[in-house]
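The numbers here are math on the coordinates, done by the rules we state, and not lab data. Since the structure is predicted, the reported quantities are computational estimates derived from the model, not experimental observations. Here the Cβ is made from the backbone with ideal geometry for all residues, glycine too, and neighbour counts use every protein chain on show.
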Amino acid sequence: MLSEMAIRNAKPGDKAKKLSDGGGLFLMVTPAGGRWWRLNYRFNGRQKTLSLGVYPHVSLREAREKREAAKKLLSQGTDPGAARKEAKAAAVASAAAEQLERENTFELAAERWYAHHGKKVVPATLQKSRMYLDVLKRKLAGIPISQLDRKILVDAVQVIQGQLSPHFARRAAGILKNVLDLALNEGRIAEHRAYELAKVLQPVKTTHRAALINPAELGALLRKIWGYQGEAYSVSYCLKILPYLALRSVEIRGARWSELDLDAGLWTIPATRHEHGGGMKMRVEHLVTLPGQVVGLFREMKQKQALLYGDCELCFPSPRSPLRPITGESLIVALKVIHGSKNISVHGFRASFSTLAREQGFNAEHIEKQLAHQLKDAVEAAYNRATYAEPRRRMMQAWADYLDELRTANAGS
């Protein structure tokens with residue numbers, strides 16, 4: 001049997017030599033001075049050798065302990081070499097799983113969803129999603145998505161409700177579910193518990209945007225808009241044109257002269273205009289027929305714009321910079337001043353058109369197409385690509401004439 005002194009005193013030779021300790025255990029001393037523990041054993045009639053480490057990192061006592069452990073495995077009918085390989089494989093798999101857990105924190109899952117989401121929505125919507133997502137990331141920081149049980153999720157959205165509002169919490173809960181849905185579809189988790197989180201939150205009272213559906217009141221507002229002498233000509237012209245077309249604020253504010261064909265009385269709003277937003281909500285190209293009143297307003301506005309800015313790409317440039325369109329806030333602030341009340345919204349002109357145009361007997365499908373509403377039936381939407389350009393042209397001219405009648409009625413009283 002070997003001793004620590006015998007091992008330390010062993011001198012390397014021209015060839016590797018073995019120092020036996022019995023029971024198949026030996027120390028291999030290499031010509032370069034290395035000392036390697038080895039164990040010879042037989043399994044299923046075959047001679048095998050198992051490496052037990054390097055001396056002095058593995059001492060004589062430790063090498064003997066490893067020999068006894070190997071013998072115990074042999075007595076149980078297990079190959080020590082195969083057992084070691086299985087243990088290493090298990091350790092590698094465990095390390096990989098731990099690494100995957102570290103990579104699958106909620107923050108990283110949220111960013112993957114955000115990148116995926118950004119391919120399907122306009123920048124303005126993506127910006128709102130970022131707001132909710134950042135709040136969720138702070139609440140769930142560092143937690144692997146596989147560990148997000150129901151209690152953690154419920155606590156998170158309820159805390160958000162208490163700190164912010166039930167409305168914000170509901171939106172955040174919806175995005176939370178979307179994040180985990182994507183992780184589930186990617187195979188990163190087997191299941192999640194983010195369903196129906198709205199049920200644990202306080203109900204939110206639905207309030208509809210203010211809209212004028214009384215013809216006399218709408219006419220009075222139009223008279224005030226036409227008499228508005230605001231500092232920014234872009235705002236006043238935008239408010240004059242908006243009721244005629246019933247477009248969304250972001251769609252009209254981002255208008256470009258290149259999109260307009262004033263001679264033909266057509267405006268083609270692209271699915272998306274540029275990386276900063278201003279395109280269509282549903283990312284579908286929208287053809288807008290322009291009544292004569294709107295064509296006249298655009299021509300008049302372009303003449304004024306040429307005197308102020310020269311060649312300008314935007315139809316409604318900001319007074320602070322002709323490179324940026326006017327903001328939605330500038331429109332609503334001006335509209336509240338004009339109306340004399342806070343109970344008014346730019347979006348309300350769409351409701352006014354939808355309601356009063358129907359009362360005037362216009363075709364409902366043509367109205368929905370003008371509003372750029374998508375059909376709820378996916379099959380019907382796939383087959384119905386009609387733009388109804390000519391009937392819509394007649395409808396919008398009749399609508400513009402109707403608004404002029406409302407505006408000029410009792411104008412002198």
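Report relative contact order for segment 4-101 in percent, whole number only (criteria: Cα-Cα under 8 Å, sequence separation at least 6). Walk me through the numbers before you get to the answer.
Working: 102 pairs, mean separation 15.0, N = 98.
Value for segment 4-101: 15 percent.
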Cα gyration tensor shape for segment 32-76, rounded if a/c is under 1.5, else prolate or oblate: oblate
Whole-Hz ³J(HN,Hα) from phi, Karplus 6.51 cos²θ - 1.76 cosθ + 1.60, for segment 130-143, glycine and proline x: 4, 4, 5, 5, 5, 5, 4, 5, 5, 6, 10, 4, x, 8
Dipole of the chain [Lys/Arg +1, Asp/Glu -1 at C-beta], most positive-end residue of ALA156, THR355, SER51: SER51
Angle in degrees between helix 233-245 and the longest Cα principal axis of the chain, rounded to the nearest 10: 90
Per-residue Cβ neighbour rank within 10 angstrom, fewest leading, HIS339, HIS167: HIS167, HIS339
The chain: relative contact order as a whole-number percent, Cα under 8 Å and 6+ apart: 12
19 Å Cα-Cα reach of LYS336 towards lysines, excluding residues that sit fewer than 8 places from it in its own chain: LYS224, LYS240
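First check a/c for segment 106-200, with a ≥ b ≥ c the square roots of the eigenvalues of its C-alpha gyration tensor; if it is under 1.5, answer rounded, and if not, answer prolate when a/b is larger than b/c or oblate otherwise.
oblate
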Within the chain, helix-based [θ] at 222 nm, where runs of 4 or more DSSP H residues each add -39,500 (n - 2.57), nearest 500: -16500 deg cm²/dmol
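Please list 170-177, 260-267, 73-80 highest first by mean number of surrounding beta-carbon atoms within 10 Å per residue. Working shown, then result.
On the way: 170-177: 21.6, 260-267: 15.4, 73-80: 13.6.
Output ranking for 170-177, 260-267, 73-80: 170-177, 260-267, 73-80.
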Three-way shape label, segment 215-408, alpha-carbon gyration tensor, a/c 1.5: oblate
Sequence of ASP401, ASP14 once ranked by neighbouring C-beta atoms within 10 Å, starting from the fewest: ASP14, ASP401
Whole-Å distance, taken between Cα centres, linking segment 310-351 and segment 57-136: 54
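State which entries of LYS17/LYS66; LYS139/LYS177; LYS177/LYS369; LYS128/LYS342; LYS66/LYS88 exceed 26 angstrom in Cα-Cα distance in the structure shown. Spell out each step's value before the answer.
Values: LYS17/LYS66 21 Å; LYS139/LYS177 15 Å; LYS177/LYS369 32 Å; LYS128/LYS342 24 Å; LYS66/LYS88 16 Å.
Violating the 26 Å limit, Cα to Cα: LYS177/LYS369.
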Amide H within-cut-off set for GLY53, under 5 Å, with H built and near neighbours excluded: TRP37
Folded to 0 to 90 degrees: helix 348-359 orientation relative to the chain principal axis, Cα: 60
